[in-house]
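A quick write-up on the structure given underneath.
Values quoted throughout were computed directly from the atomic coordinates according to the rules given, and no laboratory measurement underlies them. Since the structure is predicted, the reported quantities are computational estimates derived from the model, not experimental observations. Note that we place each Cβ from the backbone using ideal geometry, even for glycine, and neighbour counts take in every protein chain shown.
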Amino acid sequence: MRTRTTTSTRALATTAAALLLGVALASPAGAAQPAAPAHRAPGEVVTTTLLDALDALPVTDEDRTGYVRTAFRHWIDADRDGCDTRREVIIDEAVQAPEVGARCALTGGQWYSPYDAVTVTDAAGLDVDHMVPLAEAWDSGASNWSSTERQAYANDLDEPRALIAVTAKSNRSKADKDPADWLPTNTGYRCTYIADWTAVKTRWGLTVDQREADALHRLAADCTDEALTVTLAR
C-alpha cells in the first residue's frame, strides 16, 4: 500500500502548505536558502524555496514530437496488494475511508477535490491527476527517458505532490495544460498548486518553457516564498 501520509484536506488552508510541501528547515534567521544544485543525484534531498526552485528550472522550448500516452505505463500494482496506483491514491486521500473489497473495489468514502473545492462521495467521480501531466513531462524532458523512468514517473507514490485525486470534471478541464493555460478554480489552492508543480518538476529534472516560467513567477509573486524540500528522482 501507499506509504505517503498526505490527505486531501491539504487544500483547505494554504497556511498548512509548508507541512504538506515537506518543509523541515532549521536554518538561522535570515540565512539564504540554497537553490537546486547543478549536479543531481537520485535520492539527494534538495532544500530550497519556491522562488529559488523556480529560478533553478531550466528554460527551454517544448517539443511534443512522438508523444503517445502509452509511452508512460501507468496505474500499475507495484506492491502486488491488489490495488493499482490510481486506487492507492484514492484510498490514501479519502477524508472518510472507503471499504476496500475484492480486487480493490471501493464502496463508500468521502473525498475533497482541491482543484474545485468539491466534496465527492463516490470514488467513481474521481480522477487521479498527474500534477505535471504526462504530455507536459514528455515536452519537458521525459521524451529522452527510458521506459522504466517514464513508468516510475507515471506511478510516483513516493512523492505526495506528484499524484492527486480530484473531480473528473476538473481533471479533464486541466487536461495537459501547464499553469500558463490552466489554474484551479479554487483560488485558495493556487499557491499550493504552483508550489507542487514546481516541486515535481524539480524532483524529475524537468524543464519549463518561457510562457510557463513567466506564468509561474507571476503567480508565485502573490504567494509566500515557501520553503521546499524535494527528494530528487533523477
Along segment 194-203, what does the Karplus equation 6.51 cos²θ - 1.76 cosθ + 1.60 (θ = phi - 60°) give for ³J(HN,Hα), rounded to whole Hz, x for Gly and Pro?
5, 5, 5, 4, 5, 5, 5, 5, 5, 4
So THR185 and GLN96, fully extended at 0.36 nm per residue minus their Cα-Cα distance, gain in nm 29.7 nm
The summed charge of the GLU149 Cβ neighbourhood (under 13 Å; Lys/Arg +1, Asp/Glu -1) stands at +3
Whole Å is fine, so just give me how far the alpha carbon centre of segment 159-190 lies from that of segment 41-101.
13
